[in-house]
Amino acid sequence: MLIGNGIGLPLLGFVSCFIFIYIAYTDFKMDYIDAKDDDLSFVRTNGTQFMLDEKAFYVNGWNSYWLMDQAVEEHSRVRVSSMLKIGAKMGLTVCRTWAFNDGAYNALQISPGQFDERVFKALDYVIAEARIHGIRLILSLVNDLQAFGGKAQYVKWALQEGVGLSTSNDEFFSDPYIRKYFKTYAKTILTRKNSYTGIEYKNDPTIFAWELINEPRCTSDPSGDTLQDWIKEMAAFVKSIDRNHLVTVGLEGFYGPAESTTKLSVNPGNWASKSGSDFLRNSKISNIDFTSVHIYPDHWFKDQTREEKLKYVEKWVVSHIDDGDRILKKPVLFTEFGLSDKNINFEHSHRDTFYKMIYDIVYKSATNNGAGAGTLVWQLLVEGMNEYNDDFGIIPGNTSTIYRVITQQSCKLATIHKAHFQSKKIYEELCF
């Protein structure tokens, strides 16, 4: 009746618009509510294997360190969902990303123990979206490098508050005040309730594992004692709050002087044994569930030929899998690897060969129930992200051959011992 007097039309339009927005928003939220109620299990370990629902779980995954950062702003948030959707369609099961940004632009931790709720909600979004797309997340808690703050920012905070003992970035590992800073940070992350799903992080199976620190080095103590003590304390602290999730260190894989003396020749150079980390010693810690290795021959060797680098990488990968099998009795995950496109006479086929060699070694180990538990390529991006790219970045689909190499590994791993695959539909579409 109101329509007839000319006043009802705007009112009807407003009501219609409100209903549309309400329905759209409700559908958006329902995705996460449904995700909360689904029957999702935590990934466990059994000897040298990852297990999910009593099946072997082999990892073919990737790194997109930028997910939280891009989820902060509404205009860039679509990149997060797009990347996770693309990863799922490629049969990838795990994504490694930063759960830290200390004191930098769009910082999650503004100062010790002080957090930006807007950025925390961005991390909530990343986890909720990963759950919808069937992707598990390895969340790294701090950077050894200065990007996104890192241990240097913690040292700076301690000096600003008048409790810092030194300007050395390695004080991050030994200063008792800084250790308290990090524990406060870790506890806040672990006990966070996701604003989208209502699930505390420590209770969310979407999270594959916690990584204590990305690429830890403590060159001020090449004996390795300082870093070893820090890992023991922090791994135990995380486990005291969260017994559901796996914990790893975030190692590059360098052999140190304490327990890896017979393996020192495998290192890419003498400098590696002086980094303060020790692959075997650090990985033996009881609260460390699996170990990690990185592979960057282009950074490690400047004068070797491509063939020499490939030969070395083969030795590097085989050596660490052998450690997992015979010494550690734990899964070995190659959490970063890449081939630079800045190499002289670079061709995309070089990257295909490099990736396939690593994939084949891991696949062979997996078929024998070995410690080669999987790989995560560094790094995948979506279109329009040049500012986040480096000389290892890949936009899936831009180079069809590397896309095929990566997806073929997903299919191969899924056939081993009836291994767990996140979606039967994706498997059939991708592999047949």
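The values are calculated or read from the model by the stated rules, or taken from the named source; none is laboratory data. Quantities reported herein were computed from a predicted structural model and do not represent experimental measurements. Glycine gets a Cβ as well: all are built from the backbone with ideal geometry, and neighbour counts include every protein chain shown. For accessibility, only protein heavy atoms count, side chains too; no ligands or nucleic acids. Shrake-Rupley method; radii C 1.70, N 1.55, O 1.52, S 1.80 Å.
Find the relative contact order for segment 59-431 and round it to a whole percent, using C-alpha pairs within less than 8 Å whose residues are 6+ positions apart.
Relative contact order, segment 59-431: 17 percent.
For ASN203 and ASP116, FRET efficiency with R0 = 25 Å and r from the beta-carbon atoms, rounded to 0.05?
Working: r = 23 Å, r/R0 = 0.93.
For ASP116 and ASN203, the calculated efficiency is 0.60.
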Place a point 7 Å from the Cα of ALA258 along the Cα-to-Cβ direction; which residues of segment 201-237 have their backbone N under 17 Å from it?
212-213, 215-237
Taking 0.36 nm per intervening residue step and subtracting the Cα-Cα distance, what contour gain separates ASN287 from LYS156 on full extension?
44.2 nm
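Which FRET efficiency, nearest 0.05, do HIS348 and LYS302 yield, Cβ-Cβ r, R0 30 Å?
Values: r = 22 Å, r/R0 = 0.73.
For R0 = 30 Å, the calculated efficiency reads 0.85.
Based only on Cα atoms, what Rg/Rh ratio does segment 308-432 have, Rh being taken as Kirkwood's radius? Don't jump to the answer; show the numbers that get you there.
Details: Rg = 15.5 Å, Rh = 15.8 Å.
Ratio of gyration radius to Kirkwood radius: 0.98.
Taking all pairs of distinct Cα atoms, average 1/r, flip it, and tell me the Kirkwood hydrodynamic radius of segment 59-431 in Å to one decimal place.
Numbers: mean 1/r = 0.0477 Å⁻¹.
Every distinct Cα pair counted, the radius reaches 21.0 Å.
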Accessible area per residue of the chain at 1.4 Å probe, in Å²?
42 Å²
Counting only protein heavy atoms and using a 1.4 Å probe, what share of the accessible area of the chain belongs to carbon plus sulfur, as a whole percent?
53 percent
Can you say what percent of the DSSP beta bridges in the chain, counting only those with both residues inside, are antiparallel? Round to 5.
20 percent
